[in-house]
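Taken together, the values in this text are just the output of simple stated rules run on the coordinates, not laboratory data. Small disclaimer: the values here were computed from a predicted structure and weren't measured. Here the Cβ positions follow ideal geometry from the backbone for every residue, glycine too, while neighbour counts run over all protein chains shown.
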Amino acid sequence: MLTYRKISDLQTLVSAYKLKGKTIGFVPTMGALHEGHTSLIKRSNIENDITIVSIYVNPTQFNDKNDLKNYPRDEQKDLAILENNHCDIVFLPNDTEMYPTEDNRVFDFEGLEDVMEGEHRPGHFQGVAKIVTKLFDFVKPHNAYFGEKDLQQYTIIKFFTKQLNIPVNVIPCPIIREHDGLAMSSRNQLLNEKQRQIATSISKCLFHAVDLAKSKTVEEIKKWVSATINSVDGLDLEYFEIVDGERLLPISDFNTRKPVYGCIAVQNGSVRLIDNVKFNS
Ligand code: AMP
C-alpha cells in the first residue's frame, strides 16, 4: 500500500495509472475506520483495478467546534485496517494541503440541504461539497463509493456531480450494522457503556416503524418514533422524517412509487447519531 500526503504526488501516480488504462475506485473517509468503511473498500476492490482511500477530517463540514475537536483519530490503526483490506493507495492530506486558501465557493443544491442534516447542521453540506469536489478533482476516480448511512450526503453528492458534470459514478452502499442493529459509526467509540446500550433503541425503533407502516399513517409513525426515543432516559430526538429518497421531501402518505426512507438524528449524551431505514422495497 502506498501512502501519500501531497496532492501533487497523488496526481502523478493517478495520471500514470490512467495512462495504463486502469480503473480507479475511490472511498473518501474521515478515518476511525470500521466495517462500514471496509465494506466500501471491498466493493471498490471488486469493481476497479486500483482502490484509493482518503482519510481527512474535513473542518469545513463541522458546524460544531467540539465535534471536530473530539472526532476520533487513530492513523496507525487505520493504516493497518487499510493494509488488511487490500487498499492500494491511501491519501492523508493535512489542512494546508487541502485548504491552501479559504474556499469560499457556494454550492446550490436546489433545496436538498434545507431538510434534516442540512437544517440541523448549517453549512455541513457546503463543507462536504468543498472537500468532495477537491478530492474528485485530484483522484479523478471512475467510481466513488458512499454509504447509505449518510443518505442525504449520498443524495447531495450524486446531485452535484451531475450538476457540475463531474465524470464519476457515485455508488451507494448499504448500511453496515453491529450485531444488535446499531449502525456502525466512528462516533460510536465516543459512547460510554450506558450510552452504547441505549443507542440500540435507535435502530430498533426504525425497524419497528417499518412494521407499523402496514397499519399506521405517516403522522402516527412520526409521533410514535418521537415518543419512543424521548422516553429512553439519555436519548433526545433531534428529528425523525419520512421522506422520498429522490428529493428528500417529507411525504404525507405511503402511497408513492418513489423510494421512502425514515431518517433519524438522536443526541445520545454529547454524541450525535444518525441512521435511516427504507420503508419500501
Ligand atoms: P465517514 O468517515 O464517517 O465520513 O464515512 C466515510 C464513508 O463511509 C461515507 O460514505 C459513509 O456514508 C460511509 N459509512 C460510514 N458508516 C457506514 C456504515 N455503517 N455502513 C456503510 N457505510 C458507512
**Asked** In this structure, is residue 42 among the charged types (D, E, K, R) and assigned to a helix (DSSP H, G or I)?
**Response** yes
**Complete:** Among the residues of segment 197-230, the number that are crowded, with 17+ Cβ neighbours inside 10 Å, away from the ligand (no atom under 16 Å from the Cβ) and either among the polar types (S, T, N, Q) or not in a helix (DSSP H, G or I) (or both) is 3
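Determine, yes or no, whether residue 44 is small (Gly, Ala, Ser), touching a residue at least 24 places away in the same chain (Cβ under 8 Å) and out of contact with any Lys or Arg (no Cβ under 6 Å at 6 or more places or on another chain).
Details: small (Gly, Ala, Ser): yes; touching a residue at least 24 places away in the same chain (Cβ under 8 Å): yes; out of contact with any Lys or Arg (no Cβ under 6 Å at 6 or more places or on another chain): yes.
Yes: the conditions hold for residue 44.
Hey, can you tell me all the residues within segment 268-281 that are on the phi < 0 side of the Ramachandran plot and surrounded by 14 or more Cβ atoms within 10 Å (Cβ to Cβ)?
Start the filter on segment 268-281 by keeping residues that are on the phi < 0 side of the Ramachandran plot, which leaves 268, 270-281.
The answer is 268, 271, 272, 273, 274, 275, 276, 277, 278, 279.
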**Prompt:** Would a scan of segment 175-196 turn up a residue that is assigned to a strand (DSSP E or B) and either of a type outside the set (Asp, Glu) or under 30 Å from residue 69 (Cα atoms) (or both)?
**Reply:** yes
**Request:** For residues that are more than 11 Å from the ligand (Cβ to nearest atom) and not in a loop (DSSP other than H, G, I, E, B), scanning just segment 161-174, find the one that is farthest from residue 24 (Cα to Cα).
**Result:** 163
